[in-house]
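Written out below as structure tokens is the structure these notes cover.
The values are calculated or read from the model by the stated rules, or taken from the named source; none is laboratory data. Only a predicted model underlies this, so the values are computations on that prediction, with no experimental measurement involved. For neighbour counting, all protein chains shown are included, and Cβ atoms are generated from backbone atoms with ideal geometry for every residue, glycine included. Side chains are part of the model used for accessible areas, which takes the heavy atoms of the whole protein and leaves out ligands, DNA and RNA. Shrake-Rupley method; radii C 1.70, N 1.55, O 1.52, S 1.80 Å.
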Amino acid sequence: MKDKNFYRKILTIAVPITLQSLITFATNMMDTIMVGSLGEIALSAASLSGQIFFVLSVLCFGIGGGGAVLTSQFWGKNDTKSISKTLSITIKLSLIVGIVAMILALTIPDKLLGFYINDSNVIQAGVSYLRLASLIYPLFAVLTITSIILRTTSQIKISVLGNSIAFILNVIFNYIFIFGKFGMPQMGLTGAAVGTVISRIVEFCIILGYLFFIEKNLKFRIKDLFSFDREIFVKYLKSGINVLISDALLVAGLTSLTMILGRLGPEMIAANSICSIVIQLSTVFINGISSSGLVIIGNTIGEGKFSLAKEQSRTFLLISIIVGMVASLLIMVTKHFIIDFYNVEQVTKDIAYELMNGAIFIIIFQVPSSVLTKGILRGGGDTKFLVFADVLFLWLLSIPLGMLAAFVFKFSPAIIYICLKFDEIIKAIWCTLRMMGNKWIKDVTVKI
């Protein structure tokens, strides 16, 4: 495409979201560096506790992503009332999920951690951390939904501000409570949870305060939380719920992948945690490109410009292919520098190097796959297809291949990683073929 306004709009959405991703990366990296100084057991415990948080995150992204399919197209029609009604529905759904997750983490933390690993030392270390960190699950759920829906109306700066302040507070309080500085007790791993809770509460107050008292486009207020629109809810069930189902099945599959790694020992878990940080750094643009694809294509379809949406989709795909190649190169260049930051045993570092060698190959396909499924096709309203695209190959291909590679053939960590992520290759190809046709373009806001 040669339209300068199109690229300007991509940058307007993608740059702030990319900045958010960089802040998230910096937060996770500082967490793992500080916790990593306590040893492999503490790092593995924090990493597996983070997997519970990851499950909640994906479910919330599913609820919010389903709402975003509707709200991005409503925004294209200038229908702000329907956006507010959709936001009310998704906040209530996310709050239920957040409360359930918190109750489970408070009552059976050892059993939740036991899904991933059978090392009693790691489980024991993670119990208190998980219990404390779970207190902010309901707040995080609401916070995530609000940020996603505001994003579809081009209101992104407030989320960046909230993330930035939370990052600074998280680093400060983690340092104070983990290592016992400024007269505070040395709490170790539990101190990391305290820092996370405090920073998330502040972030929640900033973003929800903006929504309820300052935001002027939607004019969403506290009283709107108690409203319910049946017509919007039916539309959400028809299209948006597919996103939630897709992400729920996807997170179940990804949890299985983590369980496979967990059975290979705490060194593998710690190495995978380090590897994840490097991958986050190399793919900070993914969320920005995917979100801009969802918003822009959704807006365009909402305006009834289907041919333009198809032209935009091809441009987004080309951008994602270029970013995937750059991300692969970035992992190659930075892996030694980042791994050497961690105070872990050499065997853990060696495994991390191996995992990153696998990531260098997979990331080339993972970026286009993510942009297609979370951006282009989702913005087009093709949510039923995405249920199959996101889940089918993960369950039928990656999980069986990963189990065979890890437990039967006992391949190297690099090969195990490629097998566990093999669905990204197939998904990138299959979704590209889908995008080349016309069936993915659907106006999900029309009257039922």
Tally Lys and Arg at +1 and Asp and Glu at -1 over the other residues with C-beta under 13 Å from the C-beta of residue 13: what net charge comes out? +4
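Which net charge results for the neighbourhood of residue 130, defined as the other residues with beta-carbon distances under 12 angstrom from its beta-carbon, given Lys and Arg at +1 and Asp and Glu at -1? Working shown, then result.
Working: positive: 111, 131; negative: 110.
Here the charged neighbours net out to +1.
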With a point put 7 Å past each Cα toward its Cβ, work out how far residue 202 is from residue 439 in nm, to one decimal. 5.1 nm
Three principal axis lengths of region 246-313 [C-alpha, angstrom, descending]: 53, 26, 14
Kindly sort 87, 401 by accessible area of their heavy atoms, largest first, with the probe set to 1.4 Å. 401, 87
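Which of the chymotrypsin sites (Phe, Trp or Tyr not before Pro) found in region 418-448 are in a DSSP loop and have at most 10 neighbouring Cβ atoms, other than their own, within 10 Å?
none
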To the nearest 20 debye, region 1-147 has a Cα-centred charge dipole, built from +1 on Lys and Arg Cβ and -1 on Asp and Glu Cβ, of 840 debye
Under 17 Å Cα-Cα from residue 427, which aspartates and glutamates qualify once same-chain neighbours fewer than 8 residues away are excluded? 247, 382, 390
Assuming a ≥ b ≥ c are the square roots of the Cα gyration tensor eigenvalues, decide whether region 116-222 counts as rounded (a/c under 1.5), prolate (otherwise, with a/b larger than b/c) or oblate. prolate
With a 1.4 Å probe and every protein chain left in place, tell me how much accessible area residue 330 has, in Å² to the nearest 10. 70 Å²
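Please give the net charge around residue 346, taking every other residue with its beta carbon less than 12 angstrom from that of residue 346, where Lys and Arg add +1 and Asp and Glu add -1.
Around residue 346, the surrounding residues sum to -4.
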Region 132-189: chymotrypsin sites (Phe, Trp or Tyr not before Pro) falling in loop per DSSP and having at most 13 other Cβ within 10 Å: 182
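If 419, 275, 205 are ordered by their accessible area, calculated over protein heavy atoms with a 1.4 Å probe, which sequence runs from highest to lowest? List each step's numbers first, then the result.
Values: 419 20, 275 0, 205 80 Å².
Greatest to least solvent exposure: 205, 419, 275.
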Placing each pseudo-label 7 Å from Cα in the direction of the beta carbon, residue 217 and residue 238 end up separated by a distance in nanometres of 2.5 nm
Cβ crowding within 10 Å averaged over residues, with 185-192, 238-245 ranked highest first: 238-245, 185-192
Out of the GluC sites (Glu not before Pro) in region 345-448, which ones are loop residues according to DSSP with at most 16 other C-beta atoms within 10 Å? 345
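Roughly how many percent of the accessible protein surface of the chain is carbon and sulfur, given a 1.4 Å probe and a whole-percent answer? Mind showing how you got there, number by number?
Numbers: 12600 of 18270 Å².
Looking at the chain in its full context, I get 69 percent from C and S.
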Within straight-line cross-link reach of residue 77, lysines at Cα separation under 22 Å, skipping those fewer than 8 residues along the same chain: 9, 85, 216, 219, 235, 238, 305, 310, 374, 439, 442, 447
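Between residue 184 and residue 115, what length comes free when the chain is fully extended (0.36 nm per residue of separation minus the Cα-Cα distance, one decimal in nm)?
21.4 nm
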Straight distance only, please: which lysines reach the Cα of residue 410 with their own Cα at less than 22 Å, same-chain residues fewer than 8 apart left out? 349, 421
Report the Cα centroid-to-centroid distance between region 233-297 and region 138-199 in angstrom, as an integer. 20 Å
Among (i) 0.95; (ii) 1.10; (iii) 2.61, the value of Cα Rg over 2.2 N^0.38 Å computed for this structure carries the label (i)
